[in-house]
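The values are calculated or read from the model by the stated rules, or taken from the named source; none is laboratory data. The structure presented is a predicted model; accordingly, all values stated were derived computationally and were not measured. Methodologically, a virtual Cβ is constructed for each residue, glycine included, from the backbone with ideal geometry; neighbour enumeration extends over all protein chains shown. With ligands, DNA and RNA removed, areas are computed over all heavy atoms of the protein, side chains included. Shrake-Rupley method; radii C 1.70, N 1.55, O 1.52, S 1.80 Å.
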Amino acid sequence: MSARIAPKLLVEFIGTFSLIFIGAGAAAVLGDGVGLPGIAAIAFAHGWTVTVFAFAYGPVSGGHFNPSVTTAVLATGAMRAGEATGYIASQLIGGLVGALLLRTVLGGAATGLGTPMLAHDLALGSTTLTVTPWAGFVIEAVLAFFLCTVVLSTAVAGRAGSFAPLAIGMTLTLNIIMGGPLTGAAFNPARAFGPMVATGNFNDAWLYLTAPIVGAIIAAIVHAGLARLAQEGTAVPERGRVAQTPAE
(Lines give C-alpha, C1' and ligand atoms only; values in the text may rest on other atoms or scores of the structure.)
Protein backbone atom coordinates (compact mmCIF):
# COMPACT_ATOMS: atom_id res chain seq x y z
CA MET A 1 0.00 0.00 0.00
CA SER A 2 1.45 3.35 -1.04
CA ALA A 3 1.94 6.15 1.45
CA ARG A 4 -0.47 8.32 -0.55
CA ILE A 5 -3.43 5.92 -0.49
CA ALA A 6 -3.07 4.72 3.11
CA PRO A 7 -4.42 7.91 4.79
CA LYS A 8 -7.36 7.97 2.37
CA LEU A 9 -8.35 4.39 3.14
CA LEU A 10 -7.98 4.97 6.88
CA VAL A 11 -10.25 8.03 6.94
CA GLU A 12 -12.82 6.31 4.70
CA PHE A 13 -12.86 3.47 7.22
CA ILE A 14 -13.26 5.86 10.16
CA GLY A 15 -15.92 7.96 8.48
CA THR A 16 -18.03 4.96 7.50
CA PHE A 17 -17.52 3.38 10.91
CA SER A 18 -18.81 6.56 12.53
CA LEU A 19 -21.82 6.69 10.21
CA ILE A 20 -22.91 3.19 11.19
CA PHE A 21 -22.10 3.52 14.89
CA ILE A 22 -23.93 6.85 15.24
CA GLY A 23 -26.55 6.69 12.46
CA ALA A 24 -27.51 3.03 12.66
CA GLY A 25 -27.03 3.24 16.41
CA ALA A 26 -29.61 6.02 16.62
CA ALA A 27 -32.04 3.89 14.58
CA ALA A 28 -31.43 0.93 16.88
CA VAL A 29 -31.89 2.95 20.08
CA LEU A 30 -35.01 4.78 18.92
CA GLY A 31 -36.53 1.65 17.35
CA ASP A 32 -39.67 1.34 15.21
CA GLY A 33 -42.80 3.43 15.37
CA VAL A 34 -41.05 6.56 16.58
CA GLY A 35 -43.12 8.95 14.46
CA LEU A 36 -41.83 12.04 12.68
CA PRO A 37 -39.76 13.39 15.62
CA GLY A 38 -37.92 10.08 15.90
CA ILE A 39 -37.40 9.84 12.15
CA ALA A 40 -36.05 13.39 12.14
CA ALA A 41 -33.67 12.51 14.97
CA ILE A 42 -32.38 9.49 13.05
CA ALA A 43 -32.05 11.59 9.90
CA PHE A 44 -30.04 14.28 11.69
CA ALA A 45 -27.86 11.62 13.33
CA HIS A 46 -26.86 10.41 9.87
CA GLY A 47 -26.71 13.82 8.24
CA TRP A 48 -24.65 15.58 10.86
CA THR A 49 -22.27 12.63 11.18
CA VAL A 50 -21.50 12.82 7.47
CA THR A 51 -21.26 16.61 7.65
CA VAL A 52 -18.73 16.77 10.48
CA PHE A 53 -16.57 13.91 9.21
CA ALA A 54 -16.67 15.31 5.67
CA PHE A 55 -15.40 18.61 7.08
CA ALA A 56 -12.72 16.71 8.99
CA TYR A 57 -11.64 14.25 6.32
CA GLY A 58 -12.79 15.79 3.05
CA PRO A 59 -9.35 17.30 2.34
CA VAL A 60 -7.80 13.84 2.79
CA SER A 61 -10.08 11.48 0.86
CA GLY A 62 -13.01 13.54 -0.36
CA GLY A 63 -15.17 12.16 2.47
CA HIS A 64 -17.19 9.58 0.52
CA PHE A 65 -18.11 7.09 3.31
CA ASN A 66 -20.42 5.38 0.80
CA PRO A 67 -19.61 2.96 -2.06
CA SER A 68 -22.28 4.57 -4.23
CA VAL A 69 -20.59 7.97 -3.91
CA THR A 70 -17.24 6.39 -4.79
CA THR A 71 -18.88 4.71 -7.80
CA ALA A 72 -20.27 8.05 -8.99
CA VAL A 73 -16.90 9.77 -8.62
CA LEU A 74 -15.20 6.89 -10.47
CA ALA A 75 -17.79 7.01 -13.27
CA THR A 76 -17.03 10.69 -13.87
CA GLY A 77 -13.33 9.91 -14.21
CA ALA A 78 -12.37 11.84 -11.09
CA MET A 79 -10.54 8.85 -9.55
CA ARG A 80 -8.82 5.66 -10.68
CA ALA A 81 -10.39 2.19 -10.52
CA GLY A 82 -7.74 0.83 -8.16
CA GLU A 83 -8.21 3.70 -5.75
CA ALA A 84 -12.00 3.32 -5.90
CA THR A 85 -11.70 -0.39 -5.12
CA GLY A 86 -9.67 0.43 -2.02
CA TYR A 87 -12.21 3.04 -0.94
CA ILE A 88 -15.12 0.61 -1.26
CA ALA A 89 -13.28 -2.13 0.65
CA SER A 90 -12.46 0.31 3.47
CA GLN A 91 -16.07 1.53 3.59
CA LEU A 92 -17.52 -1.99 3.77
CA ILE A 93 -15.06 -2.99 6.49
CA GLY A 94 -15.77 0.23 8.41
CA GLY A 95 -19.50 -0.43 8.19
CA LEU A 96 -19.06 -4.00 9.41
CA VAL A 97 -16.83 -3.02 12.34
CA GLY A 98 -19.26 -0.27 13.32
CA ALA A 99 -22.17 -2.72 13.32
CA LEU A 100 -20.24 -5.35 15.27
CA LEU A 101 -19.32 -2.79 17.92
CA LEU A 102 -22.98 -1.74 18.10
CA ARG A 103 -23.95 -5.37 18.64
CA THR A 104 -21.46 -5.56 21.50
CA VAL A 105 -22.49 -2.37 23.31
CA LEU A 106 -26.22 -2.98 22.81
CA GLY A 107 -26.00 -6.51 24.16
CA GLY A 108 -26.77 -8.39 20.95
CA ALA A 109 -28.75 -8.00 17.76
CA ALA A 110 -32.25 -7.83 19.28
CA THR A 111 -32.56 -4.13 18.41
CA GLY A 112 -31.94 -4.86 14.73
CA LEU A 113 -28.85 -2.61 14.83
CA GLY A 114 -30.50 -0.22 12.39
CA THR A 115 -30.76 -2.80 9.59
CA PRO A 116 -32.82 -1.21 6.77
CA MET A 117 -36.12 -2.94 6.02
CA LEU A 118 -39.02 -2.41 3.64
CA ALA A 119 -42.20 -1.07 5.22
CA HIS A 120 -45.07 -3.48 5.87
CA ASP A 121 -48.56 -2.18 6.65
CA LEU A 122 -47.26 1.34 7.20
CA ALA A 123 -50.12 3.63 8.23
CA LEU A 124 -50.43 6.55 5.84
CA GLY A 125 -53.50 8.66 6.51
CA SER A 126 -56.55 6.47 6.07
CA THR A 127 -54.67 3.66 4.32
CA THR A 128 -51.70 1.35 4.83
CA LEU A 129 -48.71 0.78 2.59
CA THR A 130 -46.46 -2.20 2.00
CA VAL A 131 -43.37 -1.38 -0.03
CA THR A 132 -42.58 -4.08 -2.60
CA PRO A 133 -38.96 -4.98 -3.35
CA TRP A 134 -39.09 -3.29 -6.75
CA ALA A 135 -40.64 -0.14 -5.30
CA GLY A 136 -37.94 -0.22 -2.64
CA PHE A 137 -35.30 -0.58 -5.35
CA VAL A 138 -36.59 2.54 -7.08
CA ILE A 139 -36.71 4.51 -3.81
CA GLU A 140 -33.16 3.54 -2.82
CA ALA A 141 -31.84 4.29 -6.32
CA VAL A 142 -33.52 7.71 -6.40
CA LEU A 143 -32.22 8.63 -2.95
CA ALA A 144 -28.69 7.62 -3.98
CA PHE A 145 -29.12 9.66 -7.17
CA PHE A 146 -29.96 12.75 -5.10
CA LEU A 147 -26.97 12.27 -2.81
CA CYS A 148 -24.49 11.57 -5.61
CA THR A 149 -25.80 14.49 -7.67
CA VAL A 150 -25.13 16.85 -4.77
CA VAL A 151 -21.67 15.36 -4.15
CA LEU A 152 -20.69 15.67 -7.82
CA SER A 153 -22.12 19.19 -8.15
CA THR A 154 -20.53 20.53 -4.96
CA ALA A 155 -17.48 18.64 -3.68
CA VAL A 156 -16.28 17.27 -7.03
CA ALA A 157 -17.14 20.28 -9.22
CA GLY A 158 -16.01 22.69 -6.50
CA ARG A 159 -19.07 24.91 -6.80
CA ALA A 160 -19.94 25.07 -3.09
CA GLY A 161 -16.44 25.65 -1.78
CA SER A 162 -16.12 24.93 1.92
CA PHE A 163 -19.89 24.49 2.24
CA ALA A 164 -19.94 21.20 0.30
CA PRO A 165 -20.02 18.98 3.43
CA LEU A 166 -23.02 20.91 4.71
CA ALA A 167 -24.91 20.48 1.44
CA ILE A 168 -24.12 16.76 1.43
CA GLY A 169 -25.17 16.26 5.04
CA MET A 170 -28.41 18.16 4.46
CA THR A 171 -29.19 15.94 1.47
CA LEU A 172 -28.64 12.86 3.60
CA THR A 173 -30.98 14.25 6.26
CA LEU A 174 -33.75 15.11 3.81
CA ASN A 175 -33.46 11.71 2.10
CA ILE A 176 -33.94 9.87 5.39
CA ILE A 177 -36.89 12.00 6.50
CA MET A 178 -38.69 10.98 3.31
CA GLY A 179 -37.39 7.46 2.71
CA GLY A 180 -36.72 6.25 6.25
CA PRO A 181 -40.26 5.02 6.94
CA LEU A 182 -40.42 3.33 3.51
CA THR A 183 -37.12 1.48 3.11
CA GLY A 184 -34.96 2.49 6.05
CA ALA A 185 -33.25 4.89 3.61
CA ALA A 186 -29.79 3.35 3.55
CA PHE A 187 -28.90 4.35 -0.06
CA ASN A 188 -25.41 3.22 0.93
CA PRO A 189 -24.25 -0.40 0.50
CA ALA A 190 -21.90 -0.08 3.49
CA ARG A 191 -24.73 1.26 5.67
CA ALA A 192 -26.80 -1.83 4.83
CA PHE A 193 -23.98 -4.39 4.70
CA GLY A 194 -22.62 -3.92 8.23
CA PRO A 195 -25.91 -4.31 10.14
CA MET A 196 -27.02 -7.15 7.87
CA VAL A 197 -23.89 -9.17 8.61
CA ALA A 198 -23.98 -8.32 12.31
CA THR A 199 -27.63 -9.41 12.64
CA GLY A 200 -27.61 -12.22 10.07
CA ASN A 201 -30.65 -10.60 8.45
CA PHE A 202 -30.13 -10.49 4.70
CA ASN A 203 -33.72 -9.77 3.65
CA ASP A 204 -33.71 -7.86 0.34
CA ALA A 205 -29.93 -7.57 0.50
CA TRP A 206 -29.74 -7.50 -3.31
CA LEU A 207 -31.85 -4.35 -3.29
CA TYR A 208 -29.82 -2.43 -0.72
CA LEU A 209 -26.49 -3.40 -2.27
CA THR A 210 -27.31 -2.73 -5.94
CA ALA A 211 -29.94 0.05 -6.07
CA PRO A 212 -27.58 2.76 -4.73
CA ILE A 213 -24.99 1.82 -7.36
CA VAL A 214 -27.58 2.19 -10.12
CA GLY A 215 -28.57 5.61 -8.74
CA ALA A 216 -24.90 6.61 -8.57
CA ILE A 217 -24.24 5.68 -12.20
CA ILE A 218 -27.31 7.60 -13.38
CA ALA A 219 -26.13 10.62 -11.36
CA ALA A 220 -22.72 10.42 -13.02
CA ILE A 221 -24.29 10.25 -16.48
CA VAL A 222 -26.53 13.25 -15.77
CA HIS A 223 -23.60 15.19 -14.30
CA ALA A 224 -21.47 14.54 -17.38
CA GLY A 225 -24.35 15.47 -19.68
CA LEU A 226 -24.98 18.75 -17.89
CA ALA A 227 -21.27 19.59 -18.02
CA ARG A 228 -21.22 18.92 -21.76
CA LEU A 229 -24.29 21.08 -22.37
CA ALA A 230 -22.76 23.89 -20.33
CA GLN A 231 -19.58 23.74 -22.40
CA GLU A 232 -21.55 23.83 -25.65
CA GLY A 233 -23.58 26.76 -24.36
CA THR A 234 -20.46 28.84 -23.70
CA ALA A 235 -18.81 27.83 -26.99
CA VAL A 236 -21.63 29.10 -29.23
CA PRO A 237 -21.40 32.79 -28.19
CA GLU A 238 -17.62 32.66 -28.49
CA ARG A 239 -17.84 31.36 -32.07
CA GLY A 240 -20.41 34.03 -32.89
CA ARG A 241 -18.20 36.78 -31.54
CA VAL A 242 -15.17 35.54 -33.50
CA ALA A 243 -17.20 35.52 -36.70
CA GLN A 244 -18.27 39.15 -36.18
CA THR A 245 -14.83 40.46 -35.37
CA PRO A 246 -13.70 41.25 -38.96
CA ALA A 247 -16.84 43.35 -39.55
CA GLU A 248 -16.37 45.49 -36.45
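Using Cβ point charges alone (K and R +1, D and E -1), the dipole size of region 1-145 about the Cα centre works out to roughly 380 debye. In a simple Cβ point-charge model (Lys, Arg +1; Asp, Glu -1; nothing else charged), the chain has a dipole of about 460 debye relative to its Cα centre. Within the listed set V142, V69, V131, the Gaussian network model of the chain (springs between alpha-carbon atoms below 10 Å) gives the highest mean-square fluctuation for V131. Looking at region 78-162, the accessible area is 50 square angstrom per residue; that uses a 1.4 Å probe and ignores ligands, DNA and RNA. Site pair I221 and A56 shows an inter-label distance of 3.7 nm when each label is modelled 7 Å from Cα along Cα→Cβ. May I ask you to give the percent of accessible area on the chain that is carbon plus sulfur, with a probe radius of 1.4 Å? So the carbon and sulfur contribution to the accessible surface is 69 percent. Length gained on full extension, A230 to T130: 31.8 nm, using 0.36 nm per residue less the C-alpha separation. Look at the dipole of the chain built from charges on Cβ: of I42, T76, F146, the Cα furthest out on the positive end belongs to T76. Simple spin-label estimate for R159 and R80 gives 2.9 nm between the two label positions (7 Å along the Cα-to-Cβ direction from each Cα).
Under the 0.36 nm per residue contour assumption, what length would be gained going from the current alpha-carbon distance of T104 and A41 to full extension?
Stretched out fully, the T104 to A41 stretch lengthens by 20.4 nm.
Ordering P7, H120, V156 by the projection of their Cα atoms onto the charge dipole of the chain, which places +1 on the Cβ of Lys and Arg and -1 on the Cβ of Asp and Glu, puts P7 at the extreme positive end.
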